[in-house]
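Trainee: Structure provided below as structure tokens; questions to follow.
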């Protein structure tokens, strides 16, 4: 790697750290210059401005998330083992207080950017949609492999999983709930249990019919 | 009601509408003055400043939420009927595009105020904690009445319910998901089904033991 790209990689690492702590909006060229001990004009040699910096941080956050949560899960066999690995990796990623806060940055960014349409918001949104699609696909494979119930609503499965992750952030950050970690783990276990063929003897459709 | 308090009530209604659309931070004395056709100094006769205005809007949001979601549920009999009524009222409240956006304002406020400690953040946080405690209590009664499983983790029940509501906001607002309403409804139904005595023949504790 050339010196310029090595330098840029180091700057991006520092930027991800700042965004992980202060959100994508707390990441300014000035703040970053202080963190890496460079002048603002030195940083501008690597990034055209705040917008490009923020977008590259989101891209790096996405890459980190893929590297620590999704990619390792694909080494597990198709079906429930792979779904479980995804949830497990995600739990560990959420609890990692190091610099690997890609997932956290992406969720926070989409909240911060909620009312600001543009390429940054679009990027954060599309990464999350891709991720949800990945979970759906893994759950669909688990159905095909006979691990999950045939009538499992895989979209709802992915929706529930992601809602629980969002709940985790909210309970932990906004409500200072000491049980957030425990509850997320249990919620994931319940979701898996509900989805398995062998664990639950229910037919949702029949239940609904009976009630009408 | 004296004219002054009637006027103030009308001003607060307009303020809740603005906060519901733009968030608690989008609510400024200037914006509100325009909406109600009063001068800024006229508004200052009713509120000491932006902080008091924002706090009173959050209080009104809480009152609205209690009036349309919690209080009507207490008219249903103890146990599952009351829990179901809470979830149903909440769903309807989330879908109400009128001015009754108390719940929405409170969730958005706690996100907006995340990094700003103070009485506003504390208020938004405490209202949410109260609400979660109310759901827990209702679920506990449903256990006592024999409607819900004896081994139901009522804290996890409330946590899951609230996580689904947060997921709903995120999927609907940030990800523009057209199925958010459908998924929230189904997630609530699954949660109720999982909690009932008669619907599911599982023993979570045994499962966990077996795995070890």
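We did not get these values from a lab; they are worked out from the coordinates using the rules stated. In this text, all values refer to a predicted model and were calculated from it rather than measured experimentally. Quick reminder, even Gly has a Cβ in these numbers, built from the backbone with ideal geometry, and neighbours come from all protein chains shown.
Trainee: Rounded if a/c is under 1.5, else prolate if a/b beats b/c, else oblate: with a ≥ b ≥ c from the C-alpha gyration tensor eigenvalues square-rooted, which is the protein assembly as shown? Walk me through the intermediate numbers first.
Mentor: Details: a/c = 2.21, a/b = 1.04, b/c = 2.14.
In terms of gyration-tensor shape, oblate.
Trainee: At residue A:144, with labels set 7 Å past Cα in the Cβ direction, how many nm apart are the copies from this one, shortest first?
Mentor: List, nearest first: 5.1 nm.
Trainee: In addition: Order by neighbour count: A:136, B:80, fewest other Cβ atoms within 10 Å first, most last.
Mentor: Numbers: A:136 18, B:80 22.
By the 10 Å Cβ count, ascending: A:136, B:80.
Trainee: Please provide three numbers in whole Å: the alpha-carbon extents of chain A along the principal axes, with the largest listed first.
Mentor: Ordered largest first, chain A gives principal extents of 69, 37, 32 Å.
Trainee: Restricting things to alpha carbons, find the Rg to Rh ratio for the range A:1-45 using the Kirkwood radius for Rh. Mind dumping the intermediate values first?
Mentor: Details: Rg = 10.4 Å, Rh = 10.6 Å.
Reported Rg/Rh (Cα atoms, Kirkwood Rh): 0.97.
Trainee: Report, in degrees rounded to the nearest 10, the 0 to 90 angle that the Cα long axis of helix B:154-169 makes with the longest principal axis of chain B.
Mentor: Roughly 50 degrees, rounded to the nearest 10.
Trainee: Roughly what angle does helix B:119-144 make with the longest principal axis of chain B, taking Cα atoms, 0 to 90 degrees, to the nearest 10?
Mentor: 30 degrees
Trainee: Taking neighbour counts of Cβ atoms within 10 Å as a proxy for exposure, in what order, fewest first, do A:51, B:153 appear?
Mentor: In increasing order of surrounding Cβ atoms, one gets A:51, B:153.
Trainee: Compute the Kirkwood hydrodynamic radius of the range B:119-181, taking the inverse of the mean of 1/r over all pairs of distinct Cα atoms, and give it in Å to one decimal. Can you show the working numbers first?
Mentor: Details: mean 1/r = 0.0753 Å⁻¹.
It is 13.3 Å.
Trainee: Relative to the other copies, what are the label-point distances for residue B:30, with labels 7 Å from Cα along the C-beta vector, expressed in nm at one decimal and sorted shortest first?
Mentor: Inter-copy label distances (nm, one decimal, shortest first): 2.2.
Trainee: Sorted from shortest, what are the nm distances separating the label point of residue B:122 from equivalent points in the other copies, each placed 7 Å from Cα along Cα to C-beta?
Mentor: 4.4
Trainee: Next question. Express in whole angstrom the spacing between the alpha-carbon centres of the range A:25-61 and the range B:137-185.
Mentor: Here the answer is 40 Å between Cα centres.
Trainee: Got the relative contact order for chain A handy, in percent, Cα pairs under 8 Å and 6 or more residues apart? If you can, show how the numbers build up before the last one.
Mentor: Details: 196 pairs, mean separation 37.2, N = 212.
Result for chain A is 18 percent.
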